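The structure appears below as structure tokens.
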Amino acid sequence: MLAFHCSQCPTRQQSAFKTLEAGEVETLCAHKRFGAVNKGETLVQQGSYPKGVYCVQQGFFKLVRPASSGKETIVRFAGPGDLIGYRAILSGEPVALQAVAIQNASACFVPSSILLGFLNSNGPFSLELLKNTCLELSEANRVVSSLAQKSVKQRLAEVLLMLHAKFHEDHDGCIDVDLKRSELADLVGTATESLIRLLADFEKEKLICHDGKRFRLSQPERLAHLAALTD
């Protein structure tokens, strides 16, 4: 994984940093630090006070809320162009979620002083971060609403479609992410045993088929209808 000069970085165009002026891009490039993160490694610890933000370059991270029992709940995923840790810097509070790489990944660290400087001097950058915050809150509200109003079967259909949209397909046409059944169950909001039974039902109904840990969506339109995402 190679580090780009920020002016040539394709991922910057997917992040809030796309709004920076030429001089600000040079400042960003002079202060950011690029690093690789292996699958399973923690990028940001829950409860820590970040000294900067991470801009994901390649790969994906799961943002989880660990519990004292050792169980963790996946709240959302972060991929190329997403910023991790910026809300804690803006609020002055510790990081609420732990960021763990679910595949070999890379990210650039940007010191908080640089981020805050851009916020003070660049209106479009500030608006872009505000937009990102609103989108994250909207997604959180959607998840809460889904848990409260939809059946487990509907939620599983919605989660499979969400994963397909986020991670796309591999060369075999399967959703390009390896998740444990327990992690998928956490996303759906059900017990692992119930999830496994529902997956078997989905296969019998020819809605999905599986290849190892991965799934292929055989009939995404039917899944969307089941999830009440279409009329």
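The values are calculated or read from the model by the stated rules, or taken from the named source; none is laboratory data. From a predicted model like this one, the values you see are computed outputs, not experimental measurements. Cβ coordinates were reconstructed from backbone atoms using ideal geometry, including for glycine residues, and neighbour counts include every protein chain displayed. Quick note on the areas: whole protein, heavy atoms, side chains included, nothing else; ligands and nucleic acids left out. Shrake-Rupley method; radii C 1.70, N 1.55, O 1.52, S 1.80 Å.
At pLDDT 95 or above and open to solvent by 30 Å² or more (accessible area, probe 1.4 Å): does that describe Ser91? No: the conditions fail for Ser91. Check region 208-215 and report whether any residue there is at negative phi and among the basic types (Lys, Arg). For region 208-215, residues at negative phi and among the basic types (Lys, Arg): present.
Quick one: in region 1-20, of everything that is among the aliphatic types (A, V, I, L, M) and either at pLDDT 95 or above or assigned to a loop (DSSP other than H, G, I, E, B) (or both), which residue is most open to solvent (accessible area, probe 1.4 Å)? Ranking the qualifying residues of region 1-20, first place goes to Leu2.
Filtering region 85-97 to residues that are farther than 21 Å from Ala30 by Cα and either in a helix (DSSP H, G or I) or small (Gly, Ala, Ser) (or both) leaves Arg87, Ala88, Leu90, Ser91, Gly92, Ala96.
Within region 141-172, the set of residues being under 22 Å from Gly59 (Cα atoms) and surrounded by 12 or more Cβ atoms within 10 Å (Cβ to Cβ) comprises Val159, Leu160, Leu161, Met162, Leu163, His164, Lys166, Phe167, Glu169, Asp170. Screening Val44, Val37, Val100, Val53 for residues that are closer than 25 Å to Thr190 by Cβ and not acidic (Asp, Glu) leaves exactly one candidate, Val100.
Candidates Gly40, Gly35, Gly23: the one that is surrounded by fewer than 16 Cβ atoms within 10 Å (Cβ to Cβ), more than 13 Å from the chain's Cα centre (by Cα) and part of a strand (DSSP E or B) is Gly35. Only residues that are hydrophobic (A, V, I, L, M, F, W, C) and either within 15 Å of Phe77 (Cα to Cα) or in a loop (DSSP other than H, G, I, E, B) (or both) were counted in region 147-174, giving 8.
Of note, Val177 satisfies the criterion of being modelled with pLDDT under 95, β-branched (Val, Ile, Thr), touching a helix residue (DSSP H, G or I) at 6+ places or on another chain (Cβ under 7 Å) and not in a helix (DSSP H, G or I).
Scanning region 43-72 for residues that are open to solvent by 60 Å² or more (accessible area, probe 1.4 Å) and under 15 Å from the mean Cα position of the chain (by Cα) turns up Gln58, Arg65.
Restrict the check to region 192-201 and report whether at least one residue is under 20 Å from the mean Cα position of the chain (by Cα) and either open to solvent by 60 Å² or more (accessible area, probe 1.4 Å) or in contact (Cβ under 8 Å) with a residue 12 or more places away in the chain (or both). Within region 192-201 (the criterion being under 20 Å from the mean Cα position of the chain (by Cα) and either open to solvent by 60 Å² or more (accessible area, probe 1.4 Å) or in contact (Cβ under 8 Å) with a residue 12 or more places away in the chain (or both)), the answer is no, since none of the residues qualifies. The listed residues are Val100, Val144, Val110, and the only one of them that is closer than 22 Å to His5 by Cβ and either at pLDDT below 90 or not in a helix (DSSP H, G or I) (or both) turns out to be Val110.
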